[in-house]
Amino acid sequence: MSIHLLKDKGTPLAKQKFTWRELAGPPYSKLDVDAFTRVRVILMNGIESEALRFGHSFARMNFDMRREMAHSRRMHQFQQTMVNWLNPPDQSPLETTIGFEQVAIEVTASVALAEPDEYLAQVYRFGLLEDFDHMYRYSALMDRLEGKDANTLLQSYTDILPGRPTSIEHRHPHDDLRTPYDKESVDFLSQLHALTIMAAEHQTHDYYMTVGPTFSDPTARMLYAEIAAIEEQHVTQYESIIDPRESWLEKWLLHEANEVYNYWSCVESEDDAHVKGIWERLLDYELGQLRVVADLFEKHEGRDAAEVLPERLPEPVQYVSHREFVRQVLSEEVQFSAVGEDFFDREEESSATLEYRDQLNRDVSPSDVIAADYVWRPGTELNAIDPGAIELPRSFEREQIRRTV
Amino acid sequence: MKQVITIGHNRTGTHTSHGRADEMQQEMDSFAPSSTGSSHGLGMIRVMQAKQAEAMGSLPAGNGLDLSDANQLTAMLVDKLGERMAFEACGTRLYEALVSKHEAFGSFDGGPSREDLIEILNEEHRHLHLVVDHIRTMGGDPTVVTPGADLVGTLSQGILAVVVDPRANFLQSLQAIQLAEMADNEGWSTLTTLARQAGEFQLGDACEAAWQTEETHLSKVRGWLGAGHRDAAAQP
């Protein structure tokens, strides 16, 4: 299906309607859907969450367009509901977490590969290796806390291996800021990429902050706190690559275009008929909303929307396994850290980052504890131990955990 | 460390509300409900949605086991094997957590030793392997989450949440384990029956042996809980 961003009218805003029954409709099957359906649902919930977040921020800074903004925002809230309620109730918060990290790995990998700007591609590869490690830590948690295999959700598309160890991802806030792209010369695809990954990471942060305290296990509670802190770093990183000189209306227009792009990417790749129907419906709704914002942009800024948006969308997000690419990045860039806006070998980290990290890890590193000597095995690590041969120490108090890289 | 109930400042009841509950109940009639009907509306929607709902998930066809033309008895047996496998893996982790509670809070007169708990832990682990091995022997895939396995995953969440909560003492954690052992007993009983109905007599015998071991677990846990409650009640 081909989209013309500035000509396709989609569903007019006045005709976008919902009922409670539609909004809380039947969820997908955790056991039967392809893992990328879950990935798309989790990503699009994040995209809609960003639409609301941005919309509210803008509304607090503007009076003239408050009516149009309120209407558009309400539609986004309903769209987010319709998407998020596709998650099934038998998918536990930890299982959904595995889905969040699969989004962060596979969608970021797709973005890193397609990104035309080498510096921005490096930024995505840098973040990717950190989320890749989060997957490993959460998989260890699922195995060691619940006796469950995270791969039943990943469906072997995504590796469960250590990346850049979470315990050394903690950096001083100034070392998480990157150089923004230049809005005058940036490729449109780079703008879509930045908005997409920023939205995904922001929602991941908010999700961990919501479900983290619902866990009983003390290591699980600390692990969610630790990884949520990294997600906040990632939001800082990804929002800092966006040119702050874009006007509020320009940013709104780009948000709407990005929502069209992502729903269209979902339509192009979805194989679940029920979920695909929702993507198609919401793609039409987004085109209707984009039309409204394009008109507002032209009226208030006196500029043609075509100055910001191209006619055609770039290639869609690739919802496929990126194992080979991720392993290559892992082997070449795992030792990287950031100082200021640039990437260096870890040995060159700033004293501010080292002090910040040492303080946080002073008592215990939950991410090191949960995955101490952890190797993923099909069906959990319990399957790799001889029957009845589990040995526990005479006392847990003497357990020593030490990071080896 | 304490296995006893703390007497403190619980504020959940109306008696500790300093008259606020009485104020709440005054002139309630002036504020009528905004809709008619009853609590049965929930039932109405449950019935409506359940009639239209798809199953939570399926068993995979063509995965060693040819389930595409299998009868319901075979399908149920495969589903329940997956269910037991999931439950025993979780049970193994539950006992690991219980051992840490034992270390943190200590035991009591008539309570288990650390070795007692590790012994049960390893019996749960043997049962996990028993099922894994049998699924492999049947040509199945022991990494599949069957619908039954998914259900017990949801059922077990509350039990696990208690056992790993550092604020739940050893005795309270043992109470959660009792619930798991009761469910485990029923699960092995069901599996034994199904295996024999399906003509899988060797599996039936193995399941019955596991069931007997689980009965011993339940009996032990009941005895420890009783002793623990007596011990706690005798504390000053």
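The values are calculated or read from the model by the stated rules, or taken from the named source; none is laboratory data. Since the model is a prediction, treat every value here as computed from it, not as a measurement. All Cβ positions, even for glycine, are placed from backbone atoms using ideal geometry, and neighbour counts span all protein chains on display. In case anyone asks, the SASA skips ligands and DNA or RNA and just uses the protein heavy atoms, side chains included. Shrake-Rupley method; radii C 1.70, N 1.55, O 1.52, S 1.80 Å.
Observations on the structure shown:
- Segment B:136-157: number of residues that are facing chain A (nearest Cβ under 10 Å) and open to solvent by 20 Å² or more (accessible area, probe 1.4 Å): 8
- Once segment A:99-114 is narrowed to residues that are of a type in the set (A, V, I, L, M) and either within 13 Å of chain B (Cβ to nearest Cβ) or farther than 30 Å from B:A161 by Cβ (or both), the residue that is surrounded by the fewest Cβ atoms within 10 Å (Cβ to Cβ) is A:L113.
- Subset of segment A:24-81 [within 14 Å of another protein chain (Cβ to nearest Cβ) and either open to solvent by less than 20 Å² (accessible area, probe 1.4 Å) or in contact with a Leu (Cβ under 8 Å, 6 or more places away or on another chain) (or both)]: A:G25, A:P27, A:Y28, A:K30, A:V33, A:A35, A:T37, A:R38
- Some residue of segment A:299-318 being farther than 27 Å from A:F78 by Cα, assigned to a loop (DSSP other than H, G, I, E, B) and polar (S, T, N, Q): no
- Taken as a whole, the condition of being open to solvent by 40 Å² or more (accessible area, probe 1.4 Å) and under 15 Å from B:G91 (Cβ atoms) does not apply to B:E208.
- Filtered by the rule that a residue be open to solvent by less than 10 Å² (accessible area, probe 1.4 Å) and among the β-branched types (V, I, T), segment B:108-130 gives a lone residue, B:I120.
- Per the conditions (1) at pLDDT 95 or above; (2) touching a helix residue (DSSP H, G or I) at 6+ places or on another chain (Cβ under 9 Å), the sole criterion not satisfied by B:K51 is (2).
- Boolean, A:S331 is on the phi < 0 side of the Ramachandran plot, in contact with a His (Cβ under 8 Å, 6 or more places away or on another chain) and of a type in the set (G, A, S): no
- Subset of segment A:205-261 [β-branched (V, I, T) and either open to solvent by 10 Å² or more (accessible area, probe 1.4 Å) or within 14 Å of chain B (Cβ to nearest Cβ) (or both)]: A:T210, A:V211, A:T214, A:T219, A:T236, A:I242
- Subset of segment B:83-106 [in contact with a Ser or Thr (Cβ under 7 Å, 6 or more places away or on another chain), under 21 Å from B:V4 (Cβ atoms) and more than 7 Å from every other protein chain (Cβ to nearest Cβ)]: B:L98, B:K101
- Scanning segment B:2-24 for residues that are part of a loop (DSSP other than H, G, I, E, B), under 33 Å from the mean Cα position of the chain (by Cα) and surrounded by 10 or more Cβ atoms within 10 Å (Cβ to Cβ) yields a total of 4.
- Within segment A:387-402, the set of residues being open to solvent by 100 Å² or more (accessible area, probe 1.4 Å) and either more than 8 Å from every other protein chain (Cβ to nearest Cβ) or part of a loop (DSSP other than H, G, I, E, B) (or both) comprises A:E391, A:R394, A:R398, A:E399, A:Q400, A:R402.
- For segment A:155-164, the count of residues that are outside any loop (DSSP other than H, G, I, E, B), under 30 Å from B:E88 (Cβ atoms), within 13 Å of chain B (Cβ to nearest Cβ) and not charged (D, E, K, R) is zero.
- Close pairs from segment A:358-386: first within 14 Å of chain B (Cβ to nearest Cβ) and in contact (Cβ under 8 Å) with a residue 12 or more places away in the chain, partner basic (K, R) and part of a helix (DSSP H, G or I), Cβ under 7 Å, at least 6 apart: A:I370/A:R137; A:I370/A:R144
- Residues of segment B:173-189 satisfying the condition of being polar (S, T, N, Q) and open to solvent by 60 Å² or more (accessible area, probe 1.4 Å): B:Q175
- Conditions (1) in contact (Cβ under 8 Å) with a residue 40 or more places away in the chain; (2) open to solvent by 20 Å² or more (accessible area, probe 1.4 Å): number failed by A:S185: (1)
- Positions within segment B:87-104 being in contact (Cβ under 8 Å) with a residue 24 or more places away in the chain and open to solvent by 30 Å² or more (accessible area, probe 1.4 Å), in sequence order: B:E96, B:A104
- Evaluating B:D133 against the criteria (1) of a type outside the set (A, V, I, L, M, F, W, C); (2) within 21 Å of the chain's Cα centre (by Cα); (3) open to solvent by 30 Å² or more (accessible area, probe 1.4 Å) leaves one unmet condition, (2).
- Evaluation of A:I197 against (1) in contact (Cβ under 8 Å) with a residue 40 or more places away in the chain; (2) surrounded by fewer than 23 Cβ atoms within 10 Å (Cβ to Cβ); (3) more than 14 Å from chain B (Cβ to nearest Cβ); (4) not hydroxyl-bearing (S, T, Y) (one fails), failing number: (2)
- Flag if A:E95 is touching a residue at least 60 places away in the same chain (Cβ under 8 Å) and either open to solvent by 10 Å² or more (accessible area, probe 1.4 Å) or under 30 Å from A:L31 (Cα atoms) (or both): yes
- Residue check, A:Q335 touching a strand residue (DSSP E or B) at 6+ places or on another chain (Cβ under 9 Å), at pLDDT 95 or above and surrounded by fewer than 19 Cβ atoms within 10 Å (Cβ to Cβ): yes
- Taking the listed residues A:S321, A:S265, the one that is in a helix (DSSP H, G or I) and either open to solvent by 30 Å² or more (accessible area, probe 1.4 Å) or more than 30 Å from A:P165 (Cβ to Cβ) (or both) is A:S265, with no other qualifying.
- Unique match (being open to solvent by less than 60 Å² (accessible area, probe 1.4 Å), of a type in the set (A, V, I, L, M, F, W, C) and assigned to a loop (DSSP other than H, G, I, E, B)) among A:V364, A:V292, A:V369: A:V364
- Against the criterion of being out of contact with any Pro (no Cβ under 9 Å at 6 or more places or on another chain), without any contact (Cβ under 8 Å) to a residue 40 or more places away in the chain, more than 8 Å from chain A (Cβ to nearest Cβ) and among the β-branched types (V, I, T), B:T74 does not qualify.
- Test: residue in segment B:58-72 that is open to solvent by less than 20 Å² (accessible area, probe 1.4 Å) and in a helix (DSSP H, G or I): no
- Residue list for segment B:1-28, restricted to those being of a type in the set (D, E, K, R) and within 25 Å of B:Q175 (Cα to Cα): B:K2, B:R11
- Evaluation of A:S139 against the conditions (1) surrounded by 24 or more Cβ atoms within 10 Å (Cβ to Cβ); (2) more than 14 Å from chain B (Cβ to nearest Cβ) shows that the sole unmet condition is (2).
- Scanning segment B:109-120 for residues that are in contact (Cβ under 8 Å) with a residue 24 or more places away in the chain and over 13 Å from B:V221 (Cα atoms) turns up just one, B:D109.
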